[in-house]
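Remarks on the structure that follows.
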Amino acid sequence: MRIGLLRCDEVGGDRAERFGGYKDLYSNLLRAVDPNVAITDYDVVEGQLPTDPGEQDGWLISGSRASTYDDAPWLDDLSALLVRLNEAGVPTVGICFGHQALAHALGGKVAMAAGGWGIGIHQAEMTAPSKWMLPERQQFGIAYSHKDQVTDLPDGATIIAATDHCPIAAFTLGDHVLGIQGHPEFTAEFAADVYQSRLGVYPDEVLDDAMRSLENGIDSSDVAAWMLGFLRGR
């Protein structure tokens, strides 16, 4: 399967050298489920955008330190592209910022979360299971790292998962748009490195809780299988 990665940032610090960049993280995640996945990188911030929605089998939108409501030309270009992908009905999955960017571009709303930073492993409860969610689960836990979240969905979208801190933890629009607020591509080690690099940014108790949560395990492989099932139109 050919997946286009709409990369909206790169991992910070020296993490790209130690863990790999976003393309490596997503490749490792998805190829653990299907070794035949081929990912093509598009550096959206530098203006590298596809010319045809159909030039890949499906699209994956990465996380970013940017906010959807920032004033930057590349964000407008990304939104215009996401509208085109939606109109073409091409399978598209957004992760964290990508999840927010889809909602924003397609008529929803994104804002700074009232509860502040959401970090650590959170258990999401499934509210609308779908046929592409194999293996079946009632809940799943992945790493989170966000200060913004989707507050209103685009018309016609459906919430499919919610957490204690994020009422719209995942949503779908039709059978071709999927947004996931958490980071299935984060391993526990990677998440710990991100959290510890931001000492002073998070309240101490929030950071302590997040670090303890990393001991609970991550369901990334199942979420990766769902992502591929969705992109294939299972």
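Nothing in this text is a laboratory measurement; each read-out follows from the coordinates by a stated rule. Small disclaimer: the values here were computed from a predicted structure and weren't measured. Counting neighbours? That spans all protein chains shown, and the Cβs are built from the backbone with ideal geometry, glycine included.
Worth pointing out:
- Applying a threshold of 8 Å to beta carbon distances and a minimum spacing of six or more residues, or different chains, the list of pairs starting in segment 153-177 at a residue that is on the phi > 0 side of the Ramachandran plot and ending at one that is crowded, with 21+ Cβ neighbours inside 10 Å reads Gly156/Leu173.
- Considering each residue of segment 10-24 in turn, none proves to be β-branched (Val, Ile, Thr) and either closer than 23 Å to Pro154 by Cβ or touching a His at 6+ places or on another chain (Cβ under 7 Å) (or both).
- In a residue-by-residue description of segment 138-149, the property of being part of a strand (DSSP E or B), within 29 Å of Ala192 (Cβ to Cβ), in contact (Cβ under 8 Å) with a residue 60 or more places away in the chain and hydroxyl-bearing (Ser, Thr, Tyr) applies to at least one position.
- Enumeration of residues in segment 121-170 that are surrounded by 16 or more Cβ atoms within 10 Å (Cβ to Cβ) and among the acidic types (Asp, Glu): Asp148
- The sole residue among Asp155, Asp209, Asp222 that is among the charged types (D, E, K, R) and touching a Lys or Arg at 6+ places or on another chain (Cβ under 7 Å) is Asp222.
- Residues satisfying the stated conditions in segment 120-137, i.e. closer than 22 Å to Leu60 by Cβ and either of a type in the set (S, T, N, Q) or assigned to a strand (DSSP E or B) (or both): Ile121, His122, Ala124, Met126, Ser130
- Listing of helices (runs of 4 or more DSSP H) fully contained in segment 161-234 that carry 3 or more residues being within 24 Å of Pro53 (Cβ to Cβ): 220-231
- Of all residue pairs spaced 6 or more apart or on separate chains, those with beta-carbon atoms under 6 Å, a first member in segment 1-19 that is more than 19 Å from Phe97 (Cα to Cα) and a second member that is in a helix (DSSP H, G or I) and of a type in the set (A, V, I, L, M, F, W, C) are Phe19/Phe190.
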